[in-house]
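A short reminder: the numbers here are calculations on the coordinates, not readings from a lab. As the structure is a computational prediction, the values presented were derived from the model and not from experiment. So basically every Cβ, Gly included, is an ideal-geometry build from the backbone, and we count neighbours across all protein chains shown.
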Amino acid sequence: MTNKEKLTAWLERQIKSPRLAMQRFTTGGFIFAGGVMMLILSDQLLSEQLAGEFTALLALIIIGLGALIALRGYLALSLYKVLYYLLSSNSEH
């Protein structure tokens, strides 16, 4: 199996469930928003304490995880389908 065939098979597995992709996108968005709210609250409530810095760091980690989950869902909804179409149409010709 060539790399192109492996990539095409992986893309096909990723785009099989648009419902799962949308669920990942929305879940990642909510996690991202929760992290932003946590960051804002830590800045307002715990500004001068070391606990505030650790809370802000945790909030940034949560924001990053939410963004990655949402990005994976978004890519599965859009870009993966385009790539799959381009790769599978090239192999048929």
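What to note about this one:
- Distance (nanometres) between label positions extended 7 Å along Cα→Cβ at Leu7 and Leu79: 1.3
- Counted by Cβ distance under 15 Å from Ala56, the other residues give a net charge of -3, where Lys and Arg count +1 and Asp and Glu count -1.
- A straight line joining the Cα centroids of the stretch 63-85 and the stretch 7-45 runs 9 Å.
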